[in-house]
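*Asks:* To start, I am sharing the structure in question, which I have written as structure tokens.
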Amino acid sequence: MSVSSDTRSISVIRARFSAAGLPTLGAASALLAWWTATTVFNVSSFFLPSPADIMTAFRKQPEYLLRESWVTMTETLIGFGIAAASGLLIAMVLTASSVIQRATLPLLVALNSIPKVAIAPLLVVWMGFGQGPKITLVLLICFFPVVVSTMSGLTSTPADFGELARSLSASWWRVYFKVRLPWALPQIFVGLKVAISLAVIGAVVAEISNPDRGLGSVIVLSGQSFDTPLAFTALVLLALMSVMLFYVICAVERLLLPWARAISA
Amino acid sequence: MIKIVGVSRTFQTRKGSVEALRNVDLDIGDGEFVAVIGRSGCGKSTLLRLVAGLISPTAGEVLIGGTPVGKPRRDVSMMFQQPALLPWRSVLDNVLLPIEMFGWRRSRHAERARHLLDMVGLTDFQSRLPHELSGGMQQRVALCRALIQQPRVLLMDEPFSALDALTREELAGELQRIHTDLKATTIFVTHSIQEAVLLADRVVVLSARPGRIRKIIDVAIPRPRSFSRSTHLAEVSSIVADLHELLLDIEDNRDALAAAPGRAPAGLRS
Ligand SMILES: Nc1ncnc2c1ncn2[C@@H]1O[C@H](COP(=O)(O)OP(=O)(O)OP(=O)(O)O)[C@@H](O)[C@H]1O
Ligand SMILES: [Mg+2]
């Protein structure tokens with residue numbers, strides 16, 4: 001009895017460790033390696049700042065940095081939100097009939113192959129300064145992964161379910177909302193996860209090509225004044241933001257779709 | 001109840017046409033349990049899909065309760081080899097799926113759904129998700145789902161063939177009990193002679209390509225029947241032997257088999 005409960009608690013601890021402990025351990029050792037490298041080889045902070053230099057840079061102007069982070073974050077979230085909503089809607093329209101789908105899919109693929117990053121300067125020409133062009137770039141970058149993954153989810157309903165629905169002579173919209181759409185949700189989340197990672201990149205690229213606010217402009221400005229530790233601080237904040245947003249989506253997925261992991265495993 | 005009149009079905013494929021069924025005639029009475037048995041590819045599923053109204057015959061006609069079948073009907077329900085449960089719905093919600101698809105009131109059928117789950121011993125699992133259930137339990141849920149709309153006709157396409165031997169026997173036993181209770185007219189496609197003899201009033205043997213009715217065998221053994229201890233051992237083994245011969249028999253070596261009448265069919269268990 002006590003043996004089995006012991007092994008059970010050990011396995012629980014092991015599971016927790018591999019869920020939270022392992023990533024922490026990985027990050028901590030990377031940090032340690034970085035720090036050791038910069039101190040042992042006596043690298044100048046202008047070339048490669050150590051973690052301590054970055055902490056110092058952050059402490060110097062925390063409010064400024066957090067405010068700029070917030071700007072980038074809102075651009076990311078607004079662009080992502082619009083992309084997710086419109087991408088979902090458009091994918092639903094496109095998959096409503098196979099005729100529409102066949103007519104538009106090649107066009108979508110072609111549009112998707114345009115490197116969106118190259119549009120950033122054009123957006124400045126068209127839309128000027130401020131958050132508008134940045135949100136637009138985020139939107140453009142996030143849109144396609146959501147559309148493509150939603151479409152593939154909506155068109156991959158298992159044949160078993162199709163036969164079942166037909167044997168129940170269920171109406172098109174009932175099948176759509178009770179079978180096809182729920183089945184597509186795990187795929188949709190794949191798209192959302194890709195999109196949120198790209199969204200941060202989009203926001204930063206847009207800010208770099210038109211540096212007024214946000215962490216992207218912090219990087220440009222600190223580069224101009226040779227303040228490498230500040231640039232690195234901005235990079236670290238960006239990385240933290242990306243990771244956090246990604247895991248928020250993962251958490252929402254786990255909460256909403258507890259079945260998805262079980263059937264894909 | 002079900003009248004199958006001169007039904008043929010040919011499929012057009014890219015490699016030409018496949019004649020799946022030819023001139024099948026079958027009359028099934030109200031509340032009767034008919035097993036359909038035959039080699040793989042002989043058109044058993046096709047026959048079932050024709051009765052379900054999922055496909056239409058190239059010749060002939062299927063009538064249920066006197067009316068021709070054109071499309072799926074609500075008093076006919078179908079159960080497949082795979083349980084096909086929706087993975088995001090709880091057991092109870094899966095059972096109630098037909099009700100929702102018909103646009104009927106859930107609340108008026110929830111009680112019956114619980115009762116059906118009770119009959120197959122899944123009372124404690126009604127709020128679980130399908131992936132938390134064993135294969136046998138999932139197929140029991142699928143059975144409840146097929147019964148929720150109180151069908152007059154129940155069509156089952158090898159419903160237990162993906163399960164292990166013991167679970168199959170268990171489920172066949174439960175199906176026998178449920179059929180005695182509910183009396184839905186049933187067509188049960190199977191590969192198992194044992195199952196056919198346990199469950200059916202009549203066993204229809206189909207011949208291969210194109211599927212035709214080879215023979216219809218009456219199983220006049222009183223119910224409840226059981227796999228293990230049959231008081232009608234002689235009848236059971238003679239029917240099983242007949243079926244075995246019919247299924248093993250390839251048209252032209254009929255005589256060879258007839259020449260060895262004392263030969264006990266392999267795999268016979270009684
Ligand atoms: N939709 C279809 N299109 C083309 N051919 C088909 C189709 N459905 C069935 N067939 C053909 O009809 C024949 C009978 O098929 P069916 O599925 O009814 O056999 P079955 O007796 O159910 O076989 P099994 O025991 O393996 O399930 C097969 O030769 C098959 O290839
Ligand atoms: Mg079949």
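*Asks:* Whole angstrom only: what separates the Cα centroid of the stretch A:119-174 from the Cα centroid of the stretch B:67-137?
*Replies:* 32 Å
*Asks:* Let me ask something else about it. Which FRET efficiency value, to the nearest 0.05, is calculated for A:Ser86 and B:Ala208 with the Förster distance at 41 angstrom and r the Cβ-Cβ distance?
*Replies:* 0.15
*Asks:* Sum -39500 (n - 2.57) across every DSSP H segment of at least 4 residues in the protein assembly as shown, then divide by the residue count to get the 222 nm mean residue ellipticity, nearest 500.
*Replies:* Dividing the helical sum by the residues of the protein assembly as shown leaves -18500 deg cm²/dmol.
*Asks:* What is the dipole size for the stretch A:45-264, taken about its Cα centre, with +1 at each Lys and Arg Cβ and -1 at each Asp and Glu Cβ, in debye to the nearest 20?
*Replies:* 600 debye
*Asks:* Count, for each residue of B:86-93, the Cβ atoms from other chains sitting within 10 Å of its Cβ, then give me the mean as a whole number.
*Replies:* Neighbouring Cβ atoms belonging to other protein chains average 4 per residue here.
*Asks:* Hey, got the average number of other protein chain Cβ atoms within 10 angstrom for residues in A:158-166?
*Replies:* That average works out to 5.
*Asks:* How well do other chains shield peptide A:178-184, expressed as the mean number of their Cβ atoms within 10 Å of each residue Cβ?
*Replies:* Neighbouring Cβ atoms belonging to other protein chains average 3 per residue here.
*Asks:* Semi-axes of the equivalent ellipsoid of the stretch A:45-264: what are they in whole Å, largest first, if each equals the square root of 5 times a C-alpha gyration tensor eigenvalue?
*Replies:* In descending order, the three semi-axes are 41, 20, 12 Å.
*Asks:* Per residue, how many Å² of accessible area does the stretch A:186-255 show with a 1.4 Å probe?
*Replies:* 44 Å²
*Asks:* Taking every pair of alpha-carbon atoms in the stretch A:11-167, what share in percent sits in each 10 Å bin, from 0 to the bin with the longest distance?
*Replies:* Reading upward from the zero bin: 9, 19, 20, 26, 17, 7, 2, 0.
*Asks:* Using the crude model of +1 on Lys and Arg Cβ and -1 on Asp and Glu Cβ, and no other charge, please compute the dipole size for chain B relative to its Cα centre, in debye to 20.
*Replies:* 740 debye
*Asks:* Further, regarding this structure: What order do A:Lys116, B:Lys183 take when sorted by accessible area (1.4 Å probe), most exposed first?
*Replies:* Largest accessible area first, the list is B:Lys183, A:Lys116.
*Asks:* Follow-up. From the backbone phi of the stretch A:71-78, what are the Karplus-calculated ³J(HN,Hα) couplings (6.51 cos²θ - 1.76 cosθ + 1.60, θ = phi - 60°) in whole Hz, Gly and Pro given as x?
*Replies:* 4, 4, 4, 5, 4, 4, 5, 5
*Asks:* Let me ask something else about it. DSSP loop (so not H, G, I, E, B), at most 13 other Cβ within 10 Å: list which trypsin sites (Lys or Arg not before Pro) in the stretch B:34-83 pass both filters.
*Replies:* Passing sites in the stretch B:34-83 do not exist.
*Asks:* Same structure again: Could you list which residues have their amide H under 5 Å from that of B:Val36, counting only those 5 or more apart in sequence or on another chain, with H placed in the peptide plane?
*Replies:* Answer set, sorted by chain and number: B:Phe188, B:Val189, B:Thr190, B:Val204.
*Asks:* Taking springs between alpha-carbon atoms closer than 10 angstrom, which of A:Lys60, A:Lys134, A:Lys193 fluctuates most in the Gaussian network model of chain A?
*Replies:* A:Lys60
*Asks:* Moving to a separate point now. Consider all pairwise Cα distances in the protein assembly as shown and report the whole-number % of them above 39 Å.
*Replies:* It works out to 48 percent of all Cα pairs.
*Asks:* Give a residue-ordered list of calculated ³J(HN,Hα) values for the stretch A:14-22 (Karplus: 6.51 cos²θ - 1.76 cosθ + 1.60, θ = phi - 60°; whole Hz; x for Gly, Pro).
*Replies:* 4, 5, 4, 4, 6, 7, 10, x, 4
*Asks:* Still on this model: To the nearest 20 debye, what charge dipole does the protein assembly as shown have about its Cα centre, counting +1 at the Cβ of each Lys and Arg and -1 at the Cβ of each Asp and Glu?
*Replies:* Result for the protein assembly as shown is approximately 620 debye, rounded to the nearest 20.
*Asks:* Give the long-range amide H neighbours of B:Gly31: residues separated by 5 or more places, or on another chain, with amide H under 5 Å away, using H modelled in the peptide plane at 1.01 Å from N.
*Replies:* B:Thr185
*Asks:* Next up: Looking at the protein assembly as shown, send over the antiparallel percent of its DSSP beta bridges, to the nearest 5.
*Replies:* Bridges in the protein assembly as shown are about 55 percent antiparallel.
*Asks:* Once phi is turned into ³J(HN,Hα) by the Karplus curve 6.51 cos²θ - 1.76 cosθ + 1.60 with θ = phi - 60°, what whole-Hz value does each residue of the stretch B:38-45 show in order, with x for glycine and proline?
*Replies:* x, 5, 4, x, 8, x, 5, 4
*Asks:* Top mean-square fluctuation among A:Val147, A:Val248, A:Val194, Gaussian network model of chain A, C-alpha springs under 10 Å?
*Replies:* Highest fluctuation among the options: A:Val248.
*Asks:* Turning to a different aspect of this structure: Given C-alpha coordinates of the stretch A:1-104, what is the ratio Rg to Rh with the Kirkwood estimate of Rh?
*Replies:* The Rg/Rh ratio comes out at 1.25.
*Asks:* Specify the angular offset, from 0 to 90 degrees and rounded to the nearest 10, of the alpha carbon long axis of helix B:233-248 from the longest principal axis of the alpha carbons in chain B.
*Replies:* Tilt of helix B:233-248: around 80 degrees.
*Asks:* Still on this structure, please answer the following. Could you tell me the calculated FRET efficiency between B:Lys183 and A:Ala15, based on Cβ-Cβ distance and R0 = 41 angstrom, to the nearest 0.05?
*Replies:* Calculated transfer efficiency: 0.20.
*Asks:* Considering every pair of different Cα atoms, what Kirkwood radius, in Å, is found for the stretch B:114-256?
*Replies:* 16.7 Å
*Asks:* If you take the accessible area of A alone plus B alone and subtract the pair, what total do you get in square angstrom, rounded to 100, with a 1.4 Å probe?
*Replies:* Summing both chains' loss of accessible area gives about 2000 Å².
*Asks:* Please state the shape class of chain B: rounded when a/c is under 1.5, otherwise prolate if a/b exceeds b/c and oblate if not, all from the C-alpha gyration tensor.
*Replies:* oblate
The values are calculated or read from the model by the stated rules, or taken from the named source; none is laboratory data. Just so it is clear, the structure is predicted and the values come from calculations on it, not from any experiment. Please note: Cβ atoms are built from the backbone with ideal geometry, for glycine as well, and neighbour counts cover all protein chains shown. Surface accessibility is based on the protein's heavy atoms, side chains included, excluding ligands, DNA and RNA. Shrake-Rupley method; radii C 1.70, N 1.55, O 1.52, S 1.80 Å.
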